[in-house]
């Protein structure tokens with residue numbers, strides 16, 4: 001992978017956003033002292049203290065384009081991270097991917113039980129919409145943000161991608177089919193993160209929307225290509241989850257279709273597409289560019 | 001049970017709302033021809049052609065108080081029915097109640113598979129918020145409706161009640177504990193149905209809110225008391241689901257705590273409480289009163 005290291009300033013910004021996000025998530029979740037205590041503990045376990053917070057980073061980086069309010073970005077970031085966390089909890093369940101390890105910790109159904117994992121995911125989804133609908137933006141814009149998150153999460157977004165993924169196990173997908181699946185399964189929520197951050201700043205015009213959509217599609221695919229590369233090359237300890245799982249599960253991946261070297265070239269191409277899409281935004285898009293770099297360069 | 005039969009006019013109104021609801025649900029769900037087809041088919045299977053549509057009936061009956069727009073009531077009814085349907089799909093799964101029969105048909109995980117059932121529930125929840133956030137009311141009011149539905153669905157509402165229910169299997173609950181559990185598990189969504197219908201008509205003042213809340217709490221408890229009576233006395237064919245399941249699962253019920261006769265008396269008292277709460281609304285609350293009667297008199 002081409003060695004374009006992210007800057008010291010970016011690393012500091014990222015740590016700052018990640019730390020703010022931890023506070024925002026804690027603030028926007030019911031406290032663990034509130035009944036039912038076990039459910040709220042499990043919701044905290046699923047959401048807090050984990051992950052790179054890629055989606056909240058995108059929210060904040062896109063928010064910087066239009067100087068969006070920090071508290072509203074934290075709110076949108078928390079909402080989308082709750083959706084992401086719920087999807088991981090459900091995906092890890094025995095009837096789906098049956099994964100015992102996530103971010104280096106036992107998955108929710110292992111730590112608690114399956115019924116609790118099911119409810120944790122369900123309740124986190126409701127919580128995400130409650131949090132977003134409580135925003136202080138203009139009500140019409142806030143409603144548009146709720147619709148965006150709902151569409152990105154549902155059967156025409158993340159859940160739809162998950163369904164296609166499940167039905168494609170053991171099949172030999174073409175590259176366009178694989179892309180379409182990932183554009184729903186992981187891409188929809190990444191696109192929503194970019195757009196929610198920007199929408200927290202202003203009502204987007206068609207040109208801005210198109211550029212951000214192009215950027216988000218590129219990083220969404222890059223994210224998945226790199227995931228597949230890492231699944232094929234890294235070990236479980238580095239990943240914090242079971243490595244080599246896709247191959248073991250006979251799932252089609254970029255590496256299985258394109259091979260390792262061509263997958264790396266594709267990731268680099270997508271990084272470049274992402275940068276190019278941001279041209280009109282000038283220096284204000286700096287963090288979005290650096291996130292594209294981060295996504296392609298990550299080791300886990 | 002005291003024989004207060006609902007009127008011919010009410011039956012016609014109910015059938016009309018139920019039929020409108022079928023159209024509204026169909027309109028607000030992605031078509032089965034849209035990809036992923038199997039997921040959308042399963043969502044239709046879970047939602048359409050089933051149930052008494054008690055929550056949509058409440059939405060429409062409460063909407064009549066303030067002459068709310070019919071299309072907006074259909075929208076709110078569809079949203080809340082999608083939440084209800086998703087909760088049934090997840091509750092029926094093997095890790096929860098493990099039920100094979102629902103409304104006289106195989107449950108979603110039996111008809112399809114567990115992973116699909118999980119995704120159907122997840123996607124229906126997203127769809128519900130998308131539908132409600134697309135409403136044509138004043139944006140601030142529409143946002144308030146989204147928050148209400150999210151709170152009624154989440155860990156402080158339906159999911160929270162479900163968690164308490166799971167953790168109470170085999171325990172001997174007191175009557176207040178049993179009530180609190182049901183006020184969350186089924187009551188929260190019934191209350192939301194009443195309030196969403198009214199809110200589709202106008203911004204409620206404190207007095208209206210208090211009266212509707214009182215009505216909804218009474219019918220919510222009545223609903224559960226009658227459920228427990230039916231579970232203990234009716235057969236599976238009549239119920240369209242497995243009868244005697246609560247006793248078999250060693251779950252505390254009104255019948256197990258109060259006995260059958262006292263449970264019937266309580267249901268009748270709650271029906272009377274519901275009627276009394278509606279006094280200020282005069283004849284416009286006719287349908288809400290009749291729904292209270294229906295809930296207490298139903299045989300399935």
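Taken together, the values in this text are just the output of simple stated rules run on the coordinates, not laboratory data. Bear in mind the structure is a predicted one, so any value in this text is a computation, not a measurement. Positions of Cβ are backbone-derived with ideal geometry, glycine not excepted, and every protein chain shown enters the neighbour counts.
Averaged over the residues of B:161-168, the number of partner chain Cβ atoms lying within 10 Å of the residue Cβ comes to 5. Label-point spacing at residue A:138 relative to the other copies reads 1.7 nm, in ascending order, each point sitting 7 Å out from Cα along Cα→Cβ. Over all projection directions, the Cα-based convex hull of segment B:68-114 averages an area of 3.8 nm². A simple spin-label model places pseudo-atoms 7 Å from Cα toward Cβ; at residue B:12 and residue A:250 they are separated by 6.1 nm.
Write down the Kirkwood hydrodynamic radius of segment A:1-149, to one decimal in angstroms, obtained as one divided by the mean of 1/r over all alpha carbon pairs. Could you put the intermediate results ahead of the total?
On the way: mean 1/r = 0.0617 Å⁻¹.
Averaging 1/r across every pair of different Cα atoms and inverting gives 16.2 Å.
The mean sequence distance of close C-alpha pairs (under 8 Å, at least 6 residues apart), as a share of the length of chain B, puts its relative contact order at 22 percent. Taking other C-beta atoms within 10 angstrom as a stand-in for reagent exposure, A:223, B:129 fall in the order A:223, B:129, fewest first.
Once segment B:100-143 is represented by equal point scatterers at the alpha-carbon sites, with solvent omitted, what log10 I(q)/I(0) does the Debye formula produce at q = 0.32 Å⁻¹? Cα-only, vacuum Debye calculation for segment B:100-143: -1.02.
Sorted from nearest, the other copies put their residue A:12 label points 7.6 nm away, the label point being 7 Å from Cα in the direction of Cβ.
Reported to the nearest whole Å, the Cα centre-to-centre distance from segment A:74-138 to segment A:249-300 is 26. The stretch between residue A:71 and residue A:167 holds 30.6 nm of extra length on full extension. This uses 0.36 nm per residue minus the Cα-Cα distance.
Taking the convex hull of the Cα atoms, report for segment B:188-300 its projected area averaged over all directions, in nm². Walk me through the numbers on the way to the answer.
Numbers: hull surface 29.9 nm².
Reported value for the Cα convex hull: 7.5 nm².
Ordered from longest to shortest, the equivalent ellipsoid semi-axes for segment A:8-297 are 27, 26, 17 Å, each the square root of 5 times a Cα gyration tensor eigenvalue.
The ranking of B:273, A:67 from fewest to most other beta carbons within 10 Å of each one's beta carbon is A:67, B:273. The listed peptides B:84-93, B:197-206, ordered by packing as a protection proxy, come out as B:84-93, B:197-206 (highest mean of other Cβ atoms within 10 Å first). Model label sites at residue B:23 and residue B:136, defined 7 Å from Cα along the beta-carbon direction, differ in position by 1.4 nm.
Pairwise inverse Cα distances across the protein assembly as shown, averaged and inverted, put the Kirkwood hydrodynamic radius at 24.9 Å. With label points set 7 Å from Cα along Cα→Cβ, the inter-copy distances at residue A:283 are 7.2 nm, sorted shortest first.
Using a Förster distance of 35 angstrom, determine the FRET efficiency expected from the C-beta separation of residue A:32 and residue B:206, and round it to 0.05. List each step's numbers first, then the result.
On the way: r = 32 Å, r/R0 = 0.91.
Step by step, r from the Cβ atoms, then E = 0.65.
The rotation axis taking chain A to chain B passes closest to this chain A residue's Cβ, listed with the gap in Å: A:139, 2.
Classify segment A:108-258 from the C-alpha gyration tensor, please: rounded if a/c falls under 1.5, else prolate or oblate depending on whether a/b exceeds b/c.
Working: a/c = 2.19, a/b = 1.39, b/c = 1.58.
The shape class here is oblate.
Sort B:69, A:122 so the one with the fewest other Cβ atoms within 10 Å of its own Cβ comes first. Each step should come with its number before you reach the end.
Details: B:69 14, A:122 28.
Fewest-to-most ranking of B:69, A:122: B:69, A:122.
Given a cut-off of under 8 Å on Cα pairs at least six residues apart, what relative contact order in percent is computed for segment B:144-300? Relative contact order comes out at 25 percent.
Within 10 Å of each Cβ in peptide B:30-39, how many partner chain Cβ atoms are there on average? Round it to a whole number, please. Let's see the in-between values first.
On the way: counts 4, 0, 0, 0, 3, 7, 13, 2, 4, 10.
Average neighbour count from other chains, rounded to a whole number: 4.
Inter-chain Cβ neighbour count for B:109-120, averaged per residue, equals 4 (cutoff 10 Å, partner chain atoms only).
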